[in-house]
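The values are calculated or read from the model by the stated rules, or taken from the named source; none is laboratory data. This structure is a prediction, so every number in the text was calculated from the model and none was measured. Here the Cβ positions follow ideal geometry from the backbone for every residue, glycine too, while neighbour counts run over all protein chains shown. Note: accessible area is taken over every heavy atom of the protein model, side chains too, but ligands, DNA and RNA are not part of it. Shrake-Rupley method; radii C 1.70, N 1.55, O 1.52, S 1.80 Å.
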Amino acid sequence: MEKWYLMTAAVLLGLTVRWTVSLNSYSGAGKPPMFGDYEAQRHWQEITFNLPIKQWYFNSSDNNLQYWGLDYPPLTAYHSFLCAYVAKFINPDWIALHTSRGYESQAHKLFMRATVLIADLLIYIPAVVLYCCCLKEVSTKKKIASALCILLYPGLILIDYGHFQYNSVSLGFALWGVLGVSYDWDLLGSLAFCLAINYKQMELYHSLPFFCFLLGKCFKKGLKGKGLVLLIKLTCTVVASFVLCWLPFFTEREQTLQVLRRLFPVDRGLFEDKVANIWCSFSVFLKIRDILPHHIQIMISFCFTFLSLLPACIKLTLHPSPKGFRFTLVSCALSFFLFSFQVHEKSILLVSLPVCLVLSEIPFMSTWFLLVSTFSMLPLLLKDELLMPSVVTVMAFFIACATSFSIFEKTSEEELQLKCFSTSVRKYFTCFTFLPKIIQHLFLMSVIAMILLTMMTVTLDPPQKLPDLFSVLVCFVSCLHFLFFLVYFNIIIMWDSKNGRSQKKIN
Amino acid sequence: MAAFGIATGGGNWFSALALGVTLLKCLLIPTYHSTDFEVHRNWLAITHSLPISQWYYEATSEWTLDYPPFFAWFEYALSHVAKYFDQEMLNVRNLNYSSPRTLLFQRFSVIFTDALFVYAVHECCKCIDGKKAGKELTEKPKFILSVLLLWNFGLLIVDHIHFQYNGFLSGLMLLSIARFFQKRHMEGAFLFAVLLHFKHIYLYIAPAYGVYLLRSYCFTANKPDGSIRWNSFSFVRLISLGLIVFLVSAVSLGPFLALNQLPQVFSRLFPFKRGLCHAYWAPNFWALYSALDKVLSVIGLNDKWFSSAVPAHSPSLSDALGHLYLHSDCRVGPRGFLRCLILCALSSFMFGWHVHEKAILLAVLPMSLLSVGKAVDASIFLILTTTGHYSLFPLLFTAAELPIKILLMLLFTIYSISSLKTLFRKEKPLFNWMETFYLLGLGPLEVFCEFVFPFTSWNLKYPFIPLLLTSVYCAVGITYAWFKLYVSVLTDPPVGKTKKQ
């Protein structure tokens, strides 16, 4: 593409920001006995390298599942094994069985950070660049701007390179899946997505839209002919990829069951810690976790989740389109985040990725959402002493989006993709013309609230009787935002008619 | 909302660039810092805790005050803010004190004072014409110049990682250049006089200022063919310039003159006891000379007279001759002054005494202004900048900073080469095959020096080899750029009238 050098500059800038953030602290740094996610990843390298596969997911004297037992699918385990293999060449002390527990050193930190960067560079970043280059009806300048903004999204950078995780691997695979499926490389797309699910089970949040979109495609091709062939091929691809990933664990029934038990801990409650979803926010008023029995909790969460995502999925199956697919990914993932059980605050990244993908279509709302998503993780980031990088990356992201997309000039009804909706509402309420203004004011209030809460959390001490006051406030405010966005994205999906698709984008 | 929109909209790309690089500088806060950090902490302590009479005598720490008085006053002003961050850093006895708050304060002071640099860049952008520009923002000379200056790799790693205050000093220099372009000569002279009393390394470029002011400001008119009209000499202007320089020097050195400390101050400012080359050889002529010397000694051809013929002086005769030639025929106005300044800086770098590799920035930054003007200048600029920046690599030797320096270097180099190539795409290619080959050779050199050599057995016997190779390789490039610039200045056809800036 022309101006390839600007795209290269955007990628290099993204990489630089990632590495400079990684110079900061990580989760659980210097906090024995449990430490944090960083130690968990190191421990998994220790376990996968030193123990045979059959013992990876089982409790034993060598593998204490209470101390960061493996609770991700097999691909994560294989990845840890690969990293451990490299670690052995550099310094075997890092992964020595038992004795390396809680190992912390500058060299080891560099090694761990490097593994994240390499994984990111190989999987996530190429997917983002390819996605942006393939955007349709968009000028080169906007493609590069999209790439820059997506790569500068603070949430992913802070969690992967600050807190320490490997979300870029699973999100990267999911993005390859989206790319494949959107451009009719269905088999490769579904293979990539299966890899994503087998890396982190939370990717199941995205599985329904993939399923509905591919099913819709099969229906469109006609179930009597090509559609059926496609369906069979897809089924075979999915089954084959799962079998390949789980092969060592399919040898015994008990192995498979134990892995499933580790992946889906139904024994734990509706939510753990503070998270910006409905159940945690609702429990401010009514402690449902304690009142209702366990299986009722699961039933309720199941019902709410599926009821909220059903309309979008049905529409996607009946009218499959890449645009509908992207928006359904957002709304599905958001429904799961808000209503599902055992949701962690980091799962908001599963919603942020699809929102990044629609950044070029609705820049204003996407930027707003992505800012709120980073804000919702504030308590976690403060615990990891990542205040400075958080503030800086959020400001950088905001400036990048604001200048690239001129977001404040794009708040008309048409640009918010709410034209069809507003027209329908105006049939009943003719005075409904102030939607853009409302949204602008809401945005202003939202930003002020987020800044105020951040400052309060950082500078003030919470009162004695309510030690979690600020965390709960952050979660509550974020939850309100997410509900608003859920409604907004569902409106776009449901009112997206053929008229919307024929409008030319002027960039 | 609309106003906010306009403010952050596409129209204000300059603010976005400036804010963006400032945020990047904030991210660089936790990186490695060199002993220069302790140097400046020590100076904060000295100027805050001790009376003026002790400033240039204090020697508890090995990092004694060796910058002119204005810089000492600057540190004094900073120290009054520092006391709100951490009082302990202002204790002279707290050697190597670097609490988190000290680090935060020092880093923020560099970032904050860079505001002057941003303003200077803004003024410089006004001085270049955008006639050649296309409609696309990223192809406008102003945009490219802003990026080349604001996001300059050398400044970022020397100021915000290694730790120095070159940002606002370079800002003063660029501002004085901009004032000359805007025909505000008195202001420019004043700014330069102030700059000299901040950091005396700028003496290297003082001849350019002196000759230009004399020629283009004191002689108020030219003959039709461009040469000097001798009877248009204005004594008033000469006196006023002299007065400015005198007053600035009086404010700076006056207190020390009154205390009879001038010899001590000068001995601190110009320590001639140090050797010809620094610990790490700046990639200049002496590096090539020393390398040749070493090679000869290894071979066995080391004649005593060769190594003892080291001429122990600063900016060479050739430099002076060059100036005389330039200014006897100086019809090209501020642009000619700029070229002369760059030549001064580069010649001093090439032949100067105890030159630091960081001094290459003195030539690189003003050269950026020329690079967006003509293709020839762009080509020289790119060679100079790329090799100059690469020669700064040994300053950051820690593993954690390795990805940062490589990524930022790639970012700047790829952007500068591609954007200037796009700007001058209608003219002949910027590099010939030899230059391309040379620049590409930097990649393998880096791989060898940082990734291959440390794991070989030679690392124990000859640990200086990477430094030697880097220094000599870059010296070749910088010498070539210096030579090409000299030739282009001497052979440039004189412009009849100064271009409308």
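Would you mind stating whether A:Phe369 is in a loop (DSSP other than H, G, I, E, B) and away from every other protein chain (no Cβ under 11 Å)? Answer is no for this residue.
A search for C-beta distances below 7 Å between a residue of region B:179-193 that is touching a residue at least 24 places away in the same chain (Cβ under 8 Å) and any residue that is among the hydroxyl-bearing types (Ser, Thr, Tyr) and not in a helix (DSSP H, G or I), counting only pairs 6+ apart in sequence or on different chains, returns nothing.
Only a single criterion out of (1) at positive phi; (2) touching a helix residue (DSSP H, G or I) at 6+ places or on another chain (Cβ under 6 Å) is not satisfied by A:Phe336, namely (1).
Across region B:1-22, the qualifying residues are those that are facing chain A (nearest Cβ under 7 Å) and open to solvent by 40 Å² or more (accessible area, probe 1.4 Å), and the one among them that is modelled with the lowest pLDDT is B:Gly10. In a residue-by-residue description of region A:464-477, the property of being farther than 24 Å from A:Ile150 by Cα, aliphatic (A, V, I, L, M), more than 14 Å from chain B (Cβ to nearest Cβ) and exposed (fewer than 15 other Cβ atoms within 10 Å of the Cβ) applies to at least one position.
Among the conditions (1) open to solvent by 20 Å² or more (accessible area, probe 1.4 Å); (2) touching a Cys at 6+ places or on another chain (Cβ under 8 Å), B:Ala208 misses just one, which is (1).
Looking at B:Ile128, is it of a type outside the set (Gly, Ala, Ser), open to solvent by less than 40 Å² (accessible area, probe 1.4 Å) and closer than 30 Å to B:Lys426 by Cβ? Spelling it out, B:Ile128 is indeed of a type outside the set (Gly, Ala, Ser), open to solvent by less than 40 Å² (accessible area, probe 1.4 Å) and closer than 30 Å to B:Lys426 by Cβ. Is it the case that some residue within region A:111-127 is crowded, with 20+ Cβ neighbours inside 10 Å, under 14 Å from the mean Cα position of the chain (by Cα) and either among the small types (Gly, Ala, Ser) or away from chain B (no Cβ under 14 Å) (or both)? Within region A:111-127, one or more residues are crowded, with 20+ Cβ neighbours inside 10 Å, under 14 Å from the mean Cα position of the chain (by Cα) and either among the small types (Gly, Ala, Ser) or away from chain B (no Cβ under 14 Å) (or both).
Each row is one residue, and each column tells you yes or no for (1) touching a Leu at 6+ places or on another chain (Cβ under 7 Å); (2) among the aliphatic types (A, V, I, L, M).
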| position | (1), (2) |
| --- | --- |
| A:Thr459 | no, no |
| A:Leu466 | no, yes |
| A:Val474 | yes, yes |
| A:Cys479 | no, no |
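When region A:290-310 is examined, which residues are found to be open to solvent by 50 Å² or more (accessible area, probe 1.4 Å) and touching a helix residue (DSSP H, G or I) at 6+ places or on another chain (Cβ under 7 Å)?
Our first condition is that a residue be open to solvent by 50 Å² or more (accessible area, probe 1.4 Å); within region A:290-310, this holds for A:290-296, A:298-300, A:302-304, A:306-307, A:310.
Selection gives A:Phe304 alone.
The residues on offer are A:Phe443, A:Phe398, A:Phe484, and the sole one that is part of a helix (DSSP H, G or I), free of Cβ contacts under 8 Å to residues at least 60 places away in the same chain, within 14 Å of chain B (Cβ to nearest Cβ) and closer than 22 Å to A:Val351 by Cβ is A:Phe398. Within region A:218-247, the set of residues being in contact (Cβ under 8 Å) with a residue 24 or more places away in the chain, over 30 Å from A:His319 (Cα atoms) and touching a Phe, Trp or Tyr at 6+ places or on another chain (Cβ under 9 Å) comprises just one member, A:Cys245.
Quick check, is B:Ile177 within 14 Å of another protein chain (Cβ to nearest Cβ), open to solvent by less than 10 Å² (accessible area, probe 1.4 Å) and either at positive phi or part of a helix (DSSP H, G or I) (or both)? Quick ask: steps written out before the conclusion?
Numbers: within 14 Å of another protein chain (Cβ to nearest Cβ): no; open to solvent by less than 10 Å² (accessible area, probe 1.4 Å): yes; either at positive phi or part of a helix (DSSP H, G or I) (or both): yes.
Criteria not met by B:Ile177.
Suppose the filter is touching an Asp or Glu at 6+ places or on another chain (Cβ under 8 Å), among the basic types (Lys, Arg) and surrounded by 17 or more Cβ atoms within 10 Å (Cβ to Cβ); does A:Lys274 pass it? Don't jump to the end; show me each part of the working.
Numbers: touching an Asp or Glu at 6+ places or on another chain (Cβ under 8 Å): yes; among the basic types (Lys, Arg): yes; surrounded by 17 or more Cβ atoms within 10 Å (Cβ to Cβ): yes.
Considered against the rule, which asks whether it is touching an Asp or Glu at 6+ places or on another chain (Cβ under 8 Å), among the basic types (Lys, Arg) and surrounded by 17 or more Cβ atoms within 10 Å (Cβ to Cβ), A:Lys274 comes out as yes.
Please indicate, with yes or no, whether at least one residue in region B:397-408 is within 27 Å of B:Trp151 (Cα to Cα), away from chain A (no Cβ under 13 Å) and under 22 Å from the mean Cα position of the chain (by Cα).
Residues of region B:397-408 within 27 Å of B:Trp151 (Cα to Cα): B:397-408.
Those left that are additionally away from chain A (no Cβ under 13 Å): B:397.
With under 22 Å from the mean Cα position of the chain (by Cα) added as a condition, the list becomes B:397.
Within region B:397-408, one or more residues are within 27 Å of B:Trp151 (Cα to Cα), away from chain A (no Cβ under 13 Å) and under 22 Å from the mean Cα position of the chain (by Cα).
Within region A:128-154, being of a type outside the set (A, V, I, L, M), within 21 Å of the chain's Cα centre (by Cα) and over 18 Å from A:Phe364 (Cβ atoms) holds for A:Tyr131, A:Cys132.
Answer yes or no as to whether B:Phe198 is open to solvent by 10 Å² or more (accessible area, probe 1.4 Å), within 30 Å of B:Leu27 (Cβ to Cβ) and either among the hydrophobic types (A, V, I, L, M, F, W, C) or in a helix (DSSP H, G or I) (or both). Let's see the steps before the verdict.
Numbers: open to solvent by 10 Å² or more (accessible area, probe 1.4 Å): yes; within 30 Å of B:Leu27 (Cβ to Cβ): yes; either among the hydrophobic types (A, V, I, L, M, F, W, C) or in a helix (DSSP H, G or I) (or both): yes.
Yes: the conditions hold for B:Phe198.
Open to solvent by less than 10 Å² (accessible area, probe 1.4 Å), assigned to a helix (DSSP H, G or I), over 18 Å from A:Ser471 (Cβ atoms) and at pLDDT 85 or above, is that true of A:Cys313? Judged against the criteria, A:Cys313 is a match.
Between A:Thr423, A:Thr374, which is surrounded by 18 or more Cβ atoms within 10 Å (Cβ to Cβ) and either within 14 Å of chain B (Cβ to nearest Cβ) or assigned to a helix (DSSP H, G or I) (or both)?
A:Thr374
With a requirement of 3 or more residues that are farther than 25 Å from B:Ala345 by Cβ and free of Cβ contacts under 8 Å to residues at least 60 places away in the same chain, the helices (runs of 4 or more DSSP H) lying completely within region B:408-501 that satisfy it span B:433-440, B:442-447, B:458-461.
Going by what's in this entry, would A:Ser105 be described as modelled with pLDDT under 95, within 14 Å of chain B (Cβ to nearest Cβ) and farther than 30 Å from A:Phe405 by Cβ? Taking the combined requirement at face value, the residue satisfies it. What do you reckon, is B:Gly210 of a type outside the set (D, E, K, R) and closer than 25 Å to B:Val118 by Cα? Against the criterion (of a type outside the set (D, E, K, R) and closer than 25 Å to B:Val118 by Cα), B:Gly210 does not qualify.
Listed residues B:Leu365, B:Leu396; which is closer than 30 Å to B:Phe270 by Cβ and buried (at least 24 other Cβ atoms within 10 Å of the Cβ)?
B:Leu365
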